[in-house]
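The values are calculated or read from the model by the stated rules, or taken from the named source; none is laboratory data. Everything quoted here is computed from the prediction, not taken from an experiment. Glycine gets a Cβ as well: all are built from the backbone with ideal geometry, and neighbour counts include every protein chain shown.
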């Protein structure tokens, strides 16, 4: 498997050949490049970097390499240990650190791990900074600290609790109302750090919960991407326990999806729709999501008197657009909620709190809430690329074939039809082309994907 390098970090499978997998040498190399970039960016006597990880079984090894490399570069490591991506992002700001490193491979299977990089604002690096670090890594020109200037590792505890406290302090989170509702939920955290964070949040809100797969061992009980086909056990438990709904998060807790009281999947696309609906009802304004997100979001935004904007896929692209248009909420259709009143990062914890606040105010079942939104179905496919296949050429030829539809080429190719659309783009984290479609029915959405797959087969 090829080691995936992008502006936001690196990701790959553990072990194997250097430069083709995530090996100890690649970990040290890339961490050194980040440390070098950091020192070039700030002329200081002392440097601090926040580091934390999800519960993957390889996490301790990778974080150990990261920590000691930073120490060797003369940087103090604020070690959060087992944590969540949004918690680490917020800790960078709280501790006034100069950057952050998250050891995670997000939704990828357990044999994967990676390194995500944060700037001093606790946000993912932009294209300029990310490119600079990649170039430094290629040059291999590092200058490590002398004995008297080595860094140190400082263990930091209580960061998740601080994160939860800040969520509860948000004016739009109706903590008192939620406690009165006496909700009962089931939680699937795929045996990662969501099994630590989500229960702390729910206990603070007085929500009764049944945890399944909440032991942070890193042994994922199913594919960790929160898609319908992976949530059968959660759906079953919700019905058996007569719970109000189910919650599922990915391994690093920046993606969030729900299951309704009947065990039916709410749809990760509609996580952002529901949270945006609630925020817009309290603070009208603009909304941002990426090009692959449901058009139901734009319809809800227009209905509430706001303006919807689309960005290229990628959290930093959404964040930059949100800042540009002063959006009140935004995110990605994969269940990623970005609420700027807390911080500019995808955050499942604030998503849960906003969703509970919406249910409290509406006093309705989750199935009825879902039925109140514009109903679209989405199909998502991955096209795995063999070595030598030119993904850019494929996208260029697809855009040419559908030129009469005036495709959007800001990020891959998005083709809009009368009441549907299809979007093809290269993944930033895997050697694949991602293919998304949305239509009024699942059958129509699937057909759009199949038609595009045939187009690609003809090209290849």
Legend entry - Residue under evaluation residue 138, criteria (1) over 22 Å from residue 45 (Cα atoms); (2) assigned to a helix (DSSP H, G or I); (3) out of contact with any strand residue (DSSP E or B) (no Cβ under 7 Å at 6 or more places or on another chain); (4) touching a residue at least 24 places away in the same chain (Cβ under 8 Å), criterion not met: (4)
Inset, instruction - With the checklist (1) under 17 Å from residue 376 (Cα atoms); (2) touching a residue at least 12 places away in the same chain (Cβ under 8 Å) in hand, flag the one item residue 243 doesn't pass. - result: (1)
Legend entry - Any hit, the stretch 166-185, residues being within 16 Å of residue 82 (Cα to Cα), assigned by TED's automatic domain parsing to the domain that holds residue 271 and in contact with a helix residue (DSSP H, G or I) (Cβ under 8 Å, 6 or more places away or on another chain): no
Inset, instruction - Taking residue 253 as the residue in question, decide whether it is farther than 26 Å from residue 374 by Cβ and within 18 Å of the chain's Cα centre (by Cα). - result: yes
Inset, instruction - Could you name every one of the helices (runs of 4 or more DSSP H) located completely within the stretch 1-110 that has at least 2 residues being over 21 Å from the mean Cα position of the chain (by Cα) and surrounded by fewer than 23 Cβ atoms within 10 Å (Cβ to Cβ)? - result: 24-41, 59-72
Inset, instruction - Could you tell me whether the stretch 383-406 includes any residue that is within 25 Å of residue 271 (Cβ to Cβ), assigned to a strand (DSSP E or B), under 26 Å from the mean Cα position of the chain (by Cα) and not assigned by TED's automatic domain parsing to the domain that holds residue 294? - result: no
Inset, instruction - Using the structure shown, decide if residue 440 is under 18 Å from residue 268 (Cα atoms), touching a residue at least 40 places away in the same chain (Cβ under 8 Å) and outside the structural domain of residue 294 (by TED's automatic domain parsing). - result: yes
Inset, instruction - Tell me, please, whether a residue that is under 27 Å from residue 274 (Cβ atoms), touching a strand residue (DSSP E or B) at 6+ places or on another chain (Cβ under 9 Å) and modelled with pLDDT of 90 or more can be found in the stretch 398-409. - result: yes
Inset, instruction - Under 8 Å between Cβ atoms, at least 6 apart or on separate chains: pull out the pairs that start in the stretch 80-92 with a residue that is in the same structural domain as residue 347 (by TED's automatic domain parsing) and end on any residue that is in a strand (DSSP E or B). - result: none
Inset, instruction - Among the numbered conditions (1) at pLDDT 95 or above; (2) in contact with a helix residue (DSSP H, G or I) (Cβ under 8 Å, 6 or more places away or on another chain), tell me where residue 304 comes up short. - result: (1)
Legend entry - In the stretch 248-266, the residues that are out of contact with any helix residue (DSSP H, G or I) (no Cβ under 6 Å at 6 or more places or on another chain) and buried (at least 24 other Cβ atoms within 10 Å of the Cβ): 250, 251, 255, 258
Inset, instruction - For residue 394, indicate whether it is more than 27 Å from residue 273 (Cβ to Cβ) and either in contact (Cβ under 8 Å) with a residue 40 or more places away in the chain or buried (at least 19 other Cβ atoms within 10 Å of the Cβ) (or both). - result: yes
Inset, instruction - Kindly check whether there is at least one residue in the stretch 216-227 that is touching a helix residue (DSSP H, G or I) at 6+ places or on another chain (Cβ under 7 Å), surrounded by 14 or more Cβ atoms within 10 Å (Cβ to Cβ) and under 22 Å from residue 361 (Cα atoms). - result: no
Legend entry - Residue check, residue 410 surrounded by fewer than 16 Cβ atoms within 10 Å (Cβ to Cβ) and over 25 Å from residue 314 (Cα atoms): no
Inset, instruction - May I ask you to say which residue of 402, 373 is touching a helix residue (DSSP H, G or I) at 6+ places or on another chain (Cβ under 7 Å) and surrounded by 15 or more Cβ atoms within 10 Å (Cβ to Cβ)? - result: 373
Inset, instruction - Sort out which residues of the stretch 307-353 are at pLDDT below 95 and either in a loop (DSSP other than H, G, I, E, B) or more than 20 Å from residue 408 (Cα to Cα) (or both), and write them in order of number. - result: 312, 313, 314, 333, 334, 335
Inset, instruction - Inspect the stretch 439-459 for any residue being assigned to a helix (DSSP H, G or I), closer than 21 Å to residue 274 by Cα and out of contact with any helix residue (DSSP H, G or I) (no Cβ under 9 Å at 6 or more places or on another chain) and give the result as yes or no. - result: yes
Inset, instruction - Taking residue 309 as the residue in question, decide whether it is buried (at least 21 other Cβ atoms within 10 Å of the Cβ) and either free of Cβ contacts under 8 Å to residues at least 24 places away in the same chain or under 19 Å from residue 355 (Cα atoms) (or both). - result: no
Inset, instruction - Output the residues belonging to the stretch 56-70 that are in contact with a strand residue (DSSP E or B) (Cβ under 6 Å, 6 or more places away or on another chain) and closer than 26 Å to residue 195 by Cβ. - result: 56, 58, 59, 62, 63, 66, 67
